[in-house]
Amino acid sequence: MTPGLINRRLGILISGRGSNLQAIVDSIRERRLDAAIAVVISNRADAAGLERARDCGLETRCISHRDFPTRDGFDRAIVDELRAHDVGLVCLAGFMRLVGAPMIEAFPNAIVNIHPSLLPAFPGVDAQRQALEHGVKVTGVTVHLVTPELDGGPIVLQRAVPVRDDDTVDSLSARILIEEHRIYPTAIAMLLEGRWRLEGRRFRSPSGDEA
Ligand code: GRF
């Protein structure tokens with residue numbers, strides 16, 4: 001059993017372009033998601049998503065992993081920033097660093113990630129390329145809770161995306177991204193709603209089947 005989340009303040013971690021961040025911002029603006037973005041943190045100063053966040057009037061921070069001799073030190077700096085902003089749910093949105101013990105212990109079952117494949121197939125980087133090279137006919141997108149195992153935590157929501165014969169990494173990634181932008185805000189809403197629990201690895205939510 002896991003108690004639901006009650007704090008609707010999101011901390012969003014990015015490393016790149018930030019299109020999922022934008023989808024979350026849009027969902028909040030359009031009142032499809034009842035949440036507030038407390039802070040956007042990037043480990044890269046040149047992340048386009050940081051610019052996007054500033055344009056949306058969001059609070060931003062850059063915490064570079066290069067400024068810390070250890071991974072735990074970097075993690076702890078992020079935790080401090082998230083706590084300073086009273087964050088209840090941490091959303092990884094293209095954050096290209098492994099999340100370590102200090103963060104997972106500070107936010108147990110309150111860190112969520114989006115991954116561009118149907119996990120447990122194709123974890124790690126270049127999931128769309130992995131899917132194409134493997135020759136699967138269907139891939140997709142997964143939103144999952146973050147545990148110490150890379151891309152291995154309980155699955156909150158998934159959507160399938162068919163692979164076409166003429167797909168390239170770019171065309172497939174673009175179709176997956178459309179689904180990412182649809183399901184990430186929905187999954188966040190399910191988590192914030194609080195009526196979910198874990199049974200072993202299984203994420204159970206009354207709204208899970210309609211989502
Ligand atoms: C997405 O494909 C996401 O699934 C993966 O990284 C990419 C981030 O894209 N984890 P964006 O920065 O949200 O546009």
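Which one of the conditions (1) within 16 Å of the ligand (Cβ to nearest atom); (2) over 24 Å from R197 (Cα atoms); (3) under 17 Å from the mean Cα position of the chain (by Cα) does C56 fail to meet, given that it meets all the rest?
(3)
For D80, state whether it is open to solvent by 20 Å² or more (accessible area, probe 1.4 Å), within 14 Å of the ligand (Cβ to nearest atom) and of a type outside the set (V, I, T).
no
Which of the residues spanning segment 24-36 are surrounded by 21 or more Cβ atoms within 10 Å (Cβ to Cβ) and within 14 Å of the ligand (Cβ to nearest atom)?
Of everything in segment 24-36, those that are surrounded by 21 or more Cβ atoms within 10 Å (Cβ to Cβ) and within 14 Å of the ligand (Cβ to nearest atom) turn out to be I24, V25.
Checking the structure you have, find out if any residue of segment 59-66 is part of a loop (DSSP other than H, G, I, E, B), more than 11 Å from the ligand (Cβ to nearest atom), open to solvent by less than 30 Å² (accessible area, probe 1.4 Å) and not β-branched (V, I, T).
yes
Of all residues in segment 146-172, which are under 14 Å from P123 (Cα atoms) and of a type in the set (K, R)?
none
Which of the residues spanning segment 33-56 are under 15 Å from A23 (Cα atoms) and of a type in the set (G, A, S)?
If the condition is that a residue be under 15 Å from A23 (Cα atoms) and of a type in the set (G, A, S), then A35, A36, A48, G49, A53 are the ones that fit.
All but one of (1) away from the ligand (no atom under 15 Å from the Cβ); (2) outside any loop (DSSP other than H, G, I, E, B) hold for L21; state the number of the condition that does not hold.
Failed condition: (1).
The values are calculated or read from the model by the stated rules, or taken from the named source; none is laboratory data. Since we're looking at a predicted model, the values are computed, not measured. Cβ sites come from the backbone with ideal geometry, for glycine too, and all protein chains shown count toward neighbours. For accessibility, only protein heavy atoms count, side chains too; no ligands or nucleic acids. Shrake-Rupley method; radii C 1.70, N 1.55, O 1.52, S 1.80 Å.
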